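Accompanying notes for the structure given below.
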């Protein structure tokens, strides 16, 4: 296995790790509700073992930062704008920093909600990956679904559509994470196929 492919597999594992760590940490939180509660609640003192989620989040962050190198190298094998490659790799690193931040400053630390990396790493990801793989019809479909999901969620998440989100915050967060993390996995798979 080439070095590039190894780092792309690392990048591919990060989105799955995001959801897996929640499944591992949930049994330690009494009556945890995936629909109602955000993922970060699993790292709060209400959990019997918040360290599971917080360390998992930090590990996911490190994995994502390492995965950015795989994207950098992988994009060298296909014709892609250098600016776009730079933006994608930067966004992947910022997603990693966002996960590190969430684990370092767990709830109820007020700094948790002041995460400066999430907005600039996660939200552009579906658009950037779609632009990078636009020439691939199958990729365009899958990445386009991520873009559509993100666009559909934005009015709800931003408050532009006034609905009571209290009972659905966990579900909305996970749908948003799916829209933003899936393109990372899709991009990593597509690049491994180029090697």
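The values are calculated or read from the model by the stated rules, or taken from the named source; none is laboratory data. Just so we're clear, the structure is a prediction, and the values are computed from it rather than from any experiment. Glycine also receives a Cβ, built like all others from the backbone with ideal geometry; neighbour counts cover every protein chain displayed.
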Practice task
Mind counting the residues in the stretch 79-93 that are in contact with a helix residue (DSSP H, G or I) (Cβ under 9 Å, 6 or more places away or on another chain) and not in a helix (DSSP H, G or I)?
Solution key: 2
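Could you tell me which residue of the stretch 74-84 is surrounded by the most Cβ atoms within 10 Å (Cβ to Cβ), considering only residues that are within 20 Å of the chain's Cα centre (by Cα) and under 17 Å from residue 5 (Cβ atoms)?
So the residue we want is 74.
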Practice task
Answer yes or no as to whether residue 118 is at pLDDT below 90, out of contact with any strand residue (DSSP E or B) (no Cβ under 9 Å at 6 or more places or on another chain), surrounded by 14 or more Cβ atoms within 10 Å (Cβ to Cβ) and closer than 30 Å to residue 44 by Cα.
Solution key: yes
Fill in the blank from the handout: Flagged in the stretch 1-47 as part of a loop (DSSP other than H, G, I, E, B) and within 16 Å of residue 103 (Cα to Cα), in numbering order, are 38, 44, 45, 46, 47
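For the structure I just gave you, tell me whether residue 91 is surrounded by 22 or more Cβ atoms within 10 Å (Cβ to Cβ) and either in contact with a strand residue (DSSP E or B) (Cβ under 8 Å, 6 or more places away or on another chain) or on the phi < 0 side of the Ramachandran plot (or both).
Working: surrounded by 22 or more Cβ atoms within 10 Å (Cβ to Cβ): yes; either in contact with a strand residue (DSSP E or B) (Cβ under 8 Å, 6 or more places away or on another chain) or on the phi < 0 side of the Ramachandran plot (or both): yes.
So residue 91 passes the test.
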